[in-house]
Each structure stands twice: as C-alpha cells, then as structure tokens.
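A short reminder: the numbers here are calculations on the coordinates, not readings from a lab. Predicted, not measured: the structure shown is a model, and the values here were computed from it. Please note: Cβ atoms are built from the backbone with ideal geometry, for glycine as well, and neighbour counts cover all protein chains shown.
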Amino acid sequence: YGDSIAIRWMTYLCLSYDHRMVDGADTARFLQDLKYTLETHDFSSELGL
C-alpha cells in the first residue's frame, strides 16, 4: 500500500489492563506485535480457506 490512497479493511484494537500490575510500555509493545501479526500472517489455513 505505501502512500497510495485505497479502500482497505480496518479494525480498531484496544486493551484494558490494570496499571498497578502491567506497565503501559509493555502493553503498547503487545499491541504493536499483535498488529504486525494480524497484518503479515496468512490465516487461510486456520480459517479453512
């Protein structure tokens, strides 16, 4: 996609956690890793496609 203007599938990710137990930086890294996995992994075999 790069800088092109295109119609794309989008979703919003959010995460609730207790700041007393988990550092905010750790949760931000988790969401970044989750985003990367969702964008790059081929889920077709898991979905039976």
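Structure values in brief
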quantity: Segment 10-27 - phi-based ³J(HN,Hα) in whole Hz, Karplus 6.51/-1.76/1.60, Gly and Pro as x; calculated: 9, 9, 9, 10, 9, 8, 9, 7, 8, 4, 6, 9, 10, 6, x, 5, 5, 5
quantity: Estimated 222 nm signal from helices in the chain, with DSSP H stretches of n ≥ 4 weighted -39500 (n - 2.57), rounded to 500; calculated: -13000 deg cm²/dmol
quantity: Test item: Cα-centred dipole of the chain, Lys/Arg +1 and Asp/Glu -1 on Cβ, debye; calculated: 140 debye
quantity: Positive dipole terminus of the chain, leading residue within PHE30, MET10, SER44 (C-beta point charges); calculated: MET10
quantity: Global geometry of segment 1-41, whether rounded, prolate or oblate, following the gyration tensor of its Cα atoms and the 1.5 cut on a/c; calculated: prolate
